[in-house]
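Let me begin by presenting the structure, written as structure tokens, before commenting on it.
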Amino acid sequence: MRIHMIEREEAKGEVLECYDGQVNEHGRITNMKKTLLNHVPSFKVLMEWYPLKDEVVKVVGEFSTYVYAHAISTQNECLICSTFFRRIIMDAGKDPDNLELTDTEKLLVEYGRACVNHPAVVSDDLFNRMRERFSESEIVLLTSFAGMMIATNLINSALEVPLDSYLDYYVKK
């Protein structure tokens, strides 16, 4: 851990409001969010992940959204995010290491990984396949969501945010 995580008893003002808001909305506050609370504007920007995720769900469905986020986070080697989405996949009764993906999920996984590996050179072939399946607006949404996932991966990895204990069981062995 490179950055102090804000605990409730030390939070004041807007930090306390954000802290309590997360607990009230999600039942807990994660280590990443406690870290982000060191700078409230950064916290607020990254909390836009939730409405963006809700928009992606409207396009591809909830499970496919999590498969997409898992692929990005795994490709980015983010322990926290990849484990978080691994938990969701496992809790859905699926094996994240042996998923039977739909054609759309395969495309999302490929695109998500490309956004991590070589965003400046996403192949024309891949992009054309995205265009066959998604509208321009949807591609912008999916790319924005990939960017938000990459941003959360960056925060967790660069700042060495510790894995939340509730995720310990789900760590890939």
If you check Leu79 against the conditions, is it of a type outside the set (S, T, N, Q), out of contact with any helix residue (DSSP H, G or I) (no Cβ under 6 Å at 6 or more places or on another chain) and touching a residue at least 60 places away in the same chain (Cβ under 8 Å)?
yes
Among the residues of region 20-29, are any among the basic types (Lys, Arg), outside the structural domain of Lys94 (by TED's automatic domain parsing), in a loop (DSSP other than H, G, I, E, B) and under 18 Å from Leu163 (Cα atoms)?
yes
Do any helices (runs of 4 or more DSSP H) lying entirely in region 61-119 carry at least 2 residues that are more than 29 Å from Leu159 (Cα to Cα) and either out of contact with any Cys (no Cβ under 8 Å at 6 or more places or on another chain) or aliphatic (A, V, I, L, M) (or both), and which ones are they?
103-117
Hey, Arg129 hits all of (1) in a helix (DSSP H, G or I); (2) in contact with a Ser or Thr (Cβ under 8 Å, 6 or more places away or on another chain) but one; which does it fall short on?
(2)
The lone exception for Met90 - which of (1) aliphatic (A, V, I, L, M); (2) crowded, with 17+ Cβ neighbours inside 10 Å; (3) in contact (Cβ under 8 Å) with a residue 60 or more places away in the chain it fails
(2)
Check off (1) touching an Asp or Glu at 6+ places or on another chain (Cβ under 9 Å); (2) among the hydrophobic types (A, V, I, L, M, F, W, C); (3) not in a helix (DSSP H, G or I) for Met5 and give me the number that stays unchecked.
(1)
When Phe145 is evaluated against the numbered criteria (1) closer than 18 Å to Leu46 by Cα; (2) part of a loop (DSSP other than H, G, I, E, B), which criterion, by number, is the only one it fails?
(2)
Residue tally, condition crowded, with 18+ Cβ neighbours inside 10 Å and either closer than 16 Å to Glu55 by Cβ or in contact with a His (Cβ under 9 Å, 6 or more places away or on another chain) (or both), over region 120-173
7
Residues in region 152-171: is at least one among the charged types (D, E, K, R), under 19 Å from His26 (Cβ atoms) and touching a residue at least 24 places away in the same chain (Cβ under 8 Å)?
yes
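The values are calculated or read from the model by the stated rules, or taken from the named source; none is laboratory data. Source: prediction; values computed, not measured. Virtual Cβ from ideal backbone geometry, glycine too; neighbours counted across all protein chains shown.
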